[in-house]
Amino acid sequence: MKSLARLAILGGVLSAGWFAAPLGLAGEESATPEQVAFFEKNIRPVLVRECYSCHATTAPKVRGGLTLDSRDGLRKGGQTGPVVVPGDPAKSLLLKAIKQEQDDLKMPPKKKLAGEVVADFEKWIAMGAPYPRDGSTKVTKGEIDIEKGRRFWAFQPPRKTPPPALRDTAWPKGDIDRFLLAGLEAKGLKPVADADPRALIRRVTFDLTGLPPAPDDVEVFVKDSAANPQAALETVVDRLLASAQFGERWGRHWLDVARYAESSGRANNFAYPHAWRYRDYVIAAFNADKPFDQFLREQLAGDLLSARDDAQKSEFLTATGFLAIGPKTHNERNPRQFQMDLADEQIDATFQAFQALTVACARCHDHKFDPIPQKDYYALSGIFRSTETCYGTIRLLQSNQPSPLVTLPKDGGATVALEPLTAERRSGIDKQIQDVRDQIAKLPTGQDSFLRRILLQNRIATLQSQLALYESDGTPKLLAMGVRDRPFASDSRVYNRGELDQPGETVRRGFPQVLTSRQPAMSRGSGRRELADWIASKDNPLTARVMANRVWLHLIGRGLVATPDNFGASGQAPSHLALLDYLAVSFVEDGWSVKKLIRTIVLSRAYRLSSQFDEKNFEADPDNVLVWRMPKRRLEAEALRDAMLALAGRLDLTPPKGSPVERAGEGNVGFRFRAGGDAAGSETHRTVYLPIVRDLVPEALTLFDFPDPSLIIGERATTTIPAQSLYLMNNPFVIRQAEALADRLLASSEEDADKLARAYRLCYSRPPSDKELKNAQKFLEDYGRKQSRRSTWAALCQALFAGAEFSHR
């Protein structure tokens, strides 16, 4: 069915309009925290290293009138005009220069940048060339004053202070409400009314499980709320926290931060067939309410922790996949450069995830904004370069840095996802290997034969990797991505501008000085155990704050620190520092329990607020920083897809074993998954279990702002584009779920009016209004004259899916 025809069919069914959101793009020129982080990590170091000697305000002689050490200089350009056209790489002179496609336009003039670096610049320009504005933050210059830096709010220990006195003492239900109401009263504002019970149970069910509430559960909650709203909410929250779906929902939040994916990405996208074990570990950890400090230790140093049995040892080893699953440039030929880049990525992930600090920005120079000297970066680099990262991959064309994998204990209870290898299948693979060898032996000499030989050798390596997954008796080996200490640990030298050929002094392994007054004595190992214990310590000023802020963000819609991955000077200051500290200290006092922290927040009066508009409040606080209402938020891609499957009666809540990437095996995943279609369209398990291949994420996810799995993402973007509405109108997956929901409704003996009421309760957690019911009945009558009864009801169900109310909570 064509788009315009389907638009005509769906129009008029919903009184509030059917589009998921207004069409159009935001016109503001504003960079997201992730985009700024991308610039600081991938672009600024290259500019410093390759360009500033000739194109900076500090250069002895500025060539061509072009300065690249400021946002204004970049936008202004040089004597030939602007060098960057934000959003349009093809028209950007800078990109043409670094690609060196013209003899008279080559930058840098004496070398050519690596393909991955050029790709980063192309990506940066395409996203709008984000560059922090000059003067928006104080850039550190000269010698960093560590003692002065420790006075910054984020580096001070959190303190639990009593909430301030209030004029309205009846409204708060607890200390969270008291802190928030104090801020509102200081501005002469009041919170809006509480949410309707139906809206509230829909909100909390999506927030805690990522699924819509069942109509019967909604009705029970409405009835119980009439007698005791707080007790009714407590009952629902405790049930949801105990459900297996909680870990799938909140585990996915952490996977965003952990940059989870099942391939390397970058120029050559090689499979990580065993990454799924880390995914399952995270989901299980949230379901078990593993204390966050222990969760942290296991991911950074699980291989170094003492385990009570093989099952726990298997769990600990799998947890270290956090350090192994990041993006990598496998075609890098220099193993020292590869290890430097790998350690850099691990430093970045560790400190953004657990400390909300961009420490990796100090690789090439002292940190531009925070009191982190370059020496501190290399003190950490020594820890990670003394660690062997076991990510797998095999040696192939463009895969120059393969590694082993971690072997899990046989009796540890780890999931076996592969079928045993039969003797017949082993014999078949052996025969294929021999056939390829025979082809190689027959090849003549010459350039064409040389290339053919390489491809055939790649085929042999791929076939051999299939056999390597099994023991001699055909039993699948238990393998995982992870890390382990190298036999000999060593300190790192400081590399000027991050260049291997410019080594400086050696610095002892250690931690950022601004966060600790005493460096630990390192053991004979890498120092990861000491690093994990230091970050997980209750005395660390950032760890509990950062996680408390992440939880608050997912429940309230805006972090108390609006830049959840950056608590440094270039991030935003907290809106309610006393409340943030209260949550952080309480988090530690409650045994680092994420479930208890969530329960405390969702049982607050603030969480129960409606989304109604208040003109006075909006004029004073348009961004709702003071939390005078609960913002309406669009469902994430996973919740949207899972909700359609659930209402269609097709959602399989049984966790799958393994991943399609594991079954596909080693090698370059690009052509496999591009040729294999969109797994999101046929898979009926929860979306968290879909294969996540870097640069090939399913359309159903990317259209609705699924995060770039190569980046640490604490807060997803929310965009509104026409393609989202077109997807809900035309995508076969959406149409199939609408048809299945129609079949559910038609299977009952109810009258059409009752069927319609049930459809609205399923999709919107409420009955239809009189106007909606009348419009829907008219649609069934008019459209039903030309279409079958099933097609008519399917079109109506699809209209409900496309409604703005369905895609929001």
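Tallying residues that are over 32 Å from the mean Cα position of the chain (by Cα), more than 19 Å from Asn42 (Cβ to Cβ) and of a type in the set (Lys, Arg) within the range 83-125 yields 2.
Could you list, in sequence order, the residues of the range 169-181 that are surrounded by fewer than 20 Cβ atoms within 10 Å (Cβ to Cβ) and of a type in the set (A, V, I, L, M, F, W, C)? Residues satisfying the conditions are Ala170, Trp171.
Take the residues of the range 645-671 that are in a loop (DSSP other than H, G, I, E, B) and of a type in the set (A, V, I, L, M, F, W, C): which is nearest to Ala417 (Cα to Cα)? Restricting to residues being in a loop (DSSP other than H, G, I, E, B) and of a type in the set (A, V, I, L, M, F, W, C), the top hit is Leu653. Contact map, the range 645-663: residues that are under 25 Å from Phe801 (Cβ atoms) paired with residues that are at pLDDT below 95 and open to solvent by 40 Å² or more (accessible area, probe 1.4 Å), Cβ distance under 9 Å, separation 6+ or inter-chain. Pairs shown: Asp652/Glu683; Pro656/Glu683. Of all residues assigned to the range 262-273, none qualifies as being in a helix (DSSP H, G or I), small (Gly, Ala, Ser) and open to solvent by 10 Å² or more (accessible area, probe 1.4 Å). Scan the range 744-760 for residues that are farther than 13 Å from Cys797 by Cβ and in a helix (DSSP H, G or I) and the total you get is 4.
So for the range 88-97 (the condition being touching a residue at least 24 places away in the same chain (Cβ under 8 Å), assigned to a loop (DSSP other than H, G, I, E, B) and of a type in the set (Asp, Glu)), does at least one residue qualify?
Quick first cut of the range 88-97, residues touching a residue at least 24 places away in the same chain (Cβ under 8 Å) only: 88-89, 92, 94-95.
Now narrow it down to the ones that are assigned to a loop (DSSP other than H, G, I, E, B): 88, 92.
Then keep just the ones that are of a type in the set (Asp, Glu); that gives 88.
Yes, some residue in the range 88-97 is touching a residue at least 24 places away in the same chain (Cβ under 8 Å), assigned to a loop (DSSP other than H, G, I, E, B) and of a type in the set (Asp, Glu).
Annotation note: of Pro191, Pro164, the sole residue that is closer than 24 Å to Gln230 by Cβ, surrounded by fewer than 17 Cβ atoms within 10 Å (Cβ to Cβ) and modelled with pLDDT of 85 or more is Pro164.
Results for (1) crowded, with 24+ Cβ neighbours inside 10 Å; (2) touching a residue at least 12 places away in the same chain (Cβ under 8 Å), shown as yes or no for each residue.
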site	(1), (2)
Arg308	no, no
Asn331	no, yes
Ala360	yes, yes
Arg363	yes, yes
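Scanning the range 278-313 for residues that are within 17 Å of the chain's Cα centre (by Cα) and closer than 22 Å to Val661 by Cα returns Tyr278, Arg279, Asp280, Tyr281, Val282, Ile283.
Taken over the range 289-329, the criterion of being under 28 Å from Arg545 (Cβ atoms), of a type in the set (Gly, Ala, Ser) and in a loop (DSSP other than H, G, I, E, B) is satisfied by Gly326 alone.
The number of residues in the range 520-549 being surrounded by 23 or more Cβ atoms within 10 Å (Cβ to Cβ) and of a type in the set (Lys, Arg) comes to 2.
The single condition among (1) exposed (fewer than 13 other Cβ atoms within 10 Å of the Cβ); (2) assigned to a helix (DSSP H, G or I) that Ala461 does not satisfy is (1). Total residues in the range 487-499 satisfying the condition of being modelled with pLDDT of 95 or more and either β-branched (Val, Ile, Thr) or within 30 Å of the chain's Cα centre (by Cα) (or both): the figure is 1. Is it the case that Gly591 is over 22 Å from the mean Cα position of the chain (by Cα) and on the phi > 0 side of the Ramachandran plot? Answer is yes for this residue.
Buried (at least 19 other Cβ atoms within 10 Å of the Cβ), of a type outside the set (Ser, Thr, Tyr) and assigned to a strand (DSSP E or B) - does that describe any residue in the range 501-509? Yes, that holds for at least one residue.
Of all residues in the range 470-489, one or more are in contact with a Cys (Cβ under 7 Å, 6 or more places away or on another chain), within 24 Å of Ser381 (Cα to Cα) and open to solvent by 40 Å² or more (accessible area, probe 1.4 Å).
So which of Ile712, Ile735 ends up being aliphatic (A, V, I, L, M), modelled with pLDDT of 95 or more and within 11 Å of the chain's Cα centre (by Cα)? Step by step, each of Ile712, Ile735 is checked, and only Ile712 is aliphatic (A, V, I, L, M), modelled with pLDDT of 95 or more and within 11 Å of the chain's Cα centre (by Cα). Scanning the range 717-744 for residues that are surrounded by 17 or more Cβ atoms within 10 Å (Cβ to Cβ), over 16 Å from Leu645 (Cβ atoms) and touching a helix residue (DSSP H, G or I) at 6+ places or on another chain (Cβ under 9 Å) yields Ser725, Met729.
Would it be correct to say that Val627 is open to solvent by less than 70 Å² (accessible area, probe 1.4 Å), within 17 Å of Gly174 (Cβ to Cβ) and of a type in the set (Val, Ile, Thr)? Taking the combined requirement at face value, the residue satisfies it. Looking only at residues in the range 176-219 that are more than 25 Å from Ala639 (Cβ to Cβ) and part of a loop (DSSP other than H, G, I, E, B), the one that is farthest from the chain's Cα centre (by Cα) is Gly188. In the range 330-388, the qualifying residues are those that are more than 24 Å from Asn268 (Cβ to Cβ), part of a helix (DSSP H, G or I) and of a type in the set (Phe, Trp, Tyr), and the one that is farthest from the chain's Cα centre (by Cα) is Tyr378.
Quick one: would you say Gln294 is touching an Asp or Glu at 6+ places or on another chain (Cβ under 8 Å), of a type in the set (S, T, N, Q) and open to solvent by 10 Å² or more (accessible area, probe 1.4 Å)?
Numbers: touching an Asp or Glu at 6+ places or on another chain (Cβ under 8 Å): no; of a type in the set (S, T, N, Q): yes; open to solvent by 10 Å² or more (accessible area, probe 1.4 Å): yes.
In short, no.
Among the residues of the range 455-472, the one identified as touching a residue at least 12 places away in the same chain (Cβ under 8 Å) and either over 37 Å from the mean Cα position of the chain (by Cα) or over 30 Å from Thr422 (Cα atoms) (or both) is Leu456.
Residues of the range 37-50 that are open to solvent by 20 Å² or more (accessible area, probe 1.4 Å) and either in contact with a Leu (Cβ under 8 Å, 6 or more places away or on another chain) or more than 22 Å from Lys111 (Cα to Cα) (or both): Ala37, Glu50. Among the residues making up the range 200-225, a single one is among the small types (Gly, Ala, Ser), farther than 21 Å from Gly174 by Cα and surrounded by fewer than 22 Cβ atoms within 10 Å (Cβ to Cβ): Ala214. Out of all the residues in the range 597-631, which are more than 12 Å from Ile176 (Cα to Cα), in a loop (DSSP other than H, G, I, E, B) and in contact with an Asp or Glu (Cβ under 8 Å, 6 or more places away or on another chain)? Once the filter is applied, which keeps residues that are more than 12 Å from Ile176 (Cα to Cα), in a loop (DSSP other than H, G, I, E, B) and in contact with an Asp or Glu (Cβ under 8 Å, 6 or more places away or on another chain), the range 597-631 yields Arg608, Ser610, Trp628, Arg629. Taken as a whole, the structure places Trp534 among residues that are more than 24 Å from Leu609 (Cα to Cα), out of contact with any helix residue (DSSP H, G or I) (no Cβ under 6 Å at 6 or more places or on another chain) and part of a helix (DSSP H, G or I). Filtering the range 793-806 for residues that are open to solvent by 30 Å² or more (accessible area, probe 1.4 Å) and outside any loop (DSSP other than H, G, I, E, B) leaves an empty set.
If only residues of the range 72-82 that are crowded, with 17+ Cβ neighbours inside 10 Å and under 21 Å from Lys368 (Cβ atoms) are counted, the one that is nearest to the chain's Cα centre (by Cα) is Leu74.
The values are calculated or read from the model by the stated rules, or taken from the named source; none is laboratory data. Predicted model only: the values in this text are computed from it and were never measured. Every residue, glycine as well, gets a Cβ built from its backbone with ideal geometry; the counts of neighbours run over all protein chains shown. Just so you know, the surface numbers come from the protein's heavy atoms only, side chains and all, with ligands and any DNA or RNA stripped out. Shrake-Rupley method; radii C 1.70, N 1.55, O 1.52, S 1.80 Å.
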